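The values are calculated or read from the model by the stated rules, or taken from the named source; none is laboratory data. Keep in mind the model is a prediction, meaning the values are calculated, not measured. Positions of Cβ are backbone-derived with ideal geometry, glycine not excepted, and every protein chain shown enters the neighbour counts.
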Amino acid sequence: MPLTREQIERIAFLARLELNQAEIPVYQASLSSILEFAGELSRAQTRSIEPMAHPLPGLSQRLRADEVTESDHRERYQENAPRVEAGLYLVPKVIE
Amino acid sequence: MKLHEKGLAALSAGLRAKEFSSVELTRHLLQRMEASQAQLNAFISITAEQALRSAAAADRARASGQAQLLTGLPIVHKDIFCTEGVRTTCGSRMLDNFVSPYDATVVAKLKSAGMVMLGKTNMDEFAMGSSNETSFYGPVKNPWNPHLVPGGSSGGSAAAVAARLAPAATATDTGGSIRQPAALCGVTGIKPTYGRVSRYGMIAFASSLDQGGLITASAEDAAMLLGAIAGFDPRDSTSVDRPVPDYVAGLNAPLAGLRLGIAREFFDKGLDEAGEQRVRDALRVYEKLGARIVDVSLPNLPLSVPTYYVVAPAECSSNLARFDGVRYGYRCENPRDLMDLYRRSRGEGFGAEVKRRIMTGTYVLSEGYYDAYYLQAQKVRQLIASDFEQAFAEADVIAGPTTPTPAFELGSKTADPITMYLNDIYTIGANLAGLPALSIPCGFAGGLPFGLQLVGPHFSEDRLLAAAHGYQRETDWHTRAPDGYS
């Protein structure tokens, strides 16, 4: 079943994406066809199959000790920030 | 032979013999790169000043007897790899103004080996695309015919090597993004095993699939560089701690007795007829070299595209959540409030395909749909991986076409995303199973290069490179350059 306009608006909100009016029908059509295509997966027999957890058999994500290993590069990193002041990242006021 | 026609081994020998300097080589290639831009658009940045400085440093190191094998050799990096002090855009408006404060591990390793970075290659936005048409910086054109796509997402890297603008390029592969453009441009591309090459500083797309690798003119050149970029990196939690073999020393391993697996699923109805013939010709070359052809079966492989287009968007929706317009990257004008800042910065900063994938991923991970899509996809993924595991009990390497067709026309597949996604039908399986795979040119179909793909078991890069090198010693497809670029 094709996705409705409201569903696209809901997904875009969850994904924190602003869409313009012209984009919505385009994504309605393409997401619907992608999901229909992905629906082929329901044909596969997977009753006793464990979902893959890591692309290399027997491996899992490596953990490390919870220790500080990096040095402070805040000033350099903030050179890329849209707006900073006194070492802080500026955003519109959140609390009145 | 002209400088730009030489492979890395020949260039290294030439530098050693003082036939030319690294500065001369760098100048020659920079000039070719600049001259090609209007036609190919293969680069987002050409870093001429830094390149000439590194080349001069390489020449000084050589003069003082401190040169290593790769000292003074040129390379270009896909613009997905962070390069300290150099703009790193990932092909997106979102990162148009981003100057990386650090080097990716791959970049740092090649830098410390003495290589000279000439520039950053164009790519599909955030590596999402199979034609290089989703780049914010415009499409790359195929050097064999400028009306055709070079493939993607590493289209700039493949076009640059094919047009002999650079002897080697870094690239990344999440669903075929090294091998597919390598095939469409007639060059060699290797995607190593998941975890073989560090991803630190490589901008993330789908973390259970992404792997960095190389595009070069030959398997021999790929072997020279893979040894330099592979290996354990504590800064990448998916990096595998396992010794790196000497890939160059292994290149001449005999192919007699090699069991070459052929899976019917790679030769389905969508495969170009002339392309299939080129692949079958290549199999005969292998038989002549003593390889034995065996039939294998990958029954779940046809489900690899729908599996990928659930798993990859899901992971991308999570990875790209970091682009919020606050700490770096694009920020919209005059945000009303924080939500408006997030939504408009992302809505304006990302292109159409990236937004499509973020939304697909958000949907398949959302409440009520997770089991039917994401969990089911991870189960089918396990089935596909098990198919490969069983096939590798019978075969040492699986061979087939890299792509269903040679390069296609610009704009011909942009209207329907599924048509575009099906380009990756033969390459995605290796990513889903974490396997190493490479593509080498095996002749021409309709006047355009066609790729042979070899897939091996985990950590069999040495075997794949030897198989590719054995073929390239018998054939000269990999030495062909497009008209106007030889």
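Here are the numbers for the structure shown:
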| read-out | value |
| --- | --- |
| Out of B:Leu454, B:Leu448, B:Leu432, sole residue that is surrounded by fewer than 24 Cβ atoms within 10 Å (Cβ to Cβ), of a type outside the set (Val, Ile, Thr) and touching a residue at least 12 places away in the same chain (Cβ under 8 Å) | B:Leu448 |
| Single condition B:Ile384 does not satisfy, out of (1) closer than 26 Å to A:His54 by Cα; (2) surrounded by fewer than 21 Cβ atoms within 10 Å (Cβ to Cβ) | (2) |
| Test result for B:Ala204, of a type in the set (Gly, Ala, Ser), touching a residue at least 12 places away in the same chain (Cβ under 8 Å) and buried (at least 24 other Cβ atoms within 10 Å of the Cβ) | no |
| Tally, over segment B:1-54, of residues that are farther than 18 Å from B:Leu225 by Cβ and either assigned to a helix (DSSP H, G or I) or in contact with a Lys or Arg (Cβ under 9 Å, 6 or more places away or on another chain) (or both) | 32 |
| Strands (runs of 3 or more DSSP E) wholly inside segment B:379-486 containing at least 1 residues that are closer than 20 Å to B:Ala312 by Cβ | B:437-445, B:448-455 |
| Residue satisfying all of: in segment B:48-72; closer than 22 Å to B:Met224 by Cβ and hydroxyl-bearing (Ser, Thr, Tyr); farthest from the chain's Cα centre (by Cα) among these | B:Ser54 |
| Residue check, B:Asp221 assigned to a helix (DSSP H, G or I), more than 14 Å from chain A (Cβ to nearest Cβ), under 24 Å from the mean Cα position of the chain (by Cα) and at pLDDT 95 or above | yes |
| Residue within segment B:105-113 that is surrounded by fewer than 24 Cβ atoms within 10 Å (Cβ to Cβ), assigned to a loop (DSSP other than H, G, I, E, B) and among the aliphatic types (A, V, I, L, M) present | yes |
| Residue list for segment B:90-108, filter: under 17 Å from the mean Cα position of the chain (by Cα) and either more than 21 Å from B:Met33 (Cα to Cα) or among the polar types (S, T, N, Q) (or both) | B:Ala104, B:Thr105, B:Val106 |
| Within segment B:1-20, tally of residues that are buried (at least 16 other Cβ atoms within 10 Å of the Cβ) and in contact (Cβ under 8 Å) with a residue 60 or more places away in the chain | 7 |
| Unique match (being closer than 30 Å to B:Cys316 by Cα and not charged (D, E, K, R)) among B:Gly257, B:Gly250, B:Gly261, B:Gly201 | B:Gly201 |
| Leading residue by the ranking (nearest to B:Tyr373 (Cα to Cα)) among those in segment B:299-326 that are of a type in the set (S, T, N, Q) and either part of a loop (DSSP other than H, G, I, E, B) or more than 9 Å from chain A (Cβ to nearest Cβ) (or both) | B:Ser304 |
| Count - residues of segment B:21-63 that are within 26 Å of B:Gly484 (Cβ to Cβ), surrounded by fewer than 22 Cβ atoms within 10 Å (Cβ to Cβ) and of a type in the set (S, T, N, Q) | 6 |
| Residue within segment B:408-417 that is of a type outside the set (Lys, Arg) and within 9 Å of chain A (Cβ to nearest Cβ) present | yes |
| Any hit, segment A:69-90, residues being among the polar types (S, T, N, Q), without any contact (Cβ under 8 Å) to a residue 12 or more places away in the chain and surrounded by fewer than 14 Cβ atoms within 10 Å (Cβ to Cβ) | yes |
| Checking B:Tyr286 against (1) farther than 27 Å from A:Gln45 by Cα; (2) within 14 Å of chain A (Cβ to nearest Cβ); (3) crowded, with 18+ Cβ neighbours inside 10 Å; (4) in contact with a strand residue (DSSP E or B) (Cβ under 9 Å, 6 or more places away or on another chain), the condition it does not meet | (2) |
| Matching residues, segment B:424-457, being away from chain A (no Cβ under 14 Å) and at pLDDT below 95 | none |
| Residues being more than 16 Å from the chain's Cα centre (by Cα) and among the β-branched types (Val, Ile, Thr) - total across segment B:135-144 | 0 |
| Residues satisfying the stated conditions in segment B:327-374, i.e. at the interface with another protein chain (Cβ under 7 Å from one of its Cβ atoms), of a type in the set (Val, Ile, Thr) and within 28 Å of B:Pro101 (Cα to Cα) | B:Ile358 |
| Selected residue [of a type outside the set (A, V, I, L, M, F, W, C) and either more than 18 Å from the chain's Cα centre (by Cα) or within 24 Å of B:Glu5 (Cα to Cα) (or both)] from B:Tyr471, B:Tyr421 | B:Tyr471 |
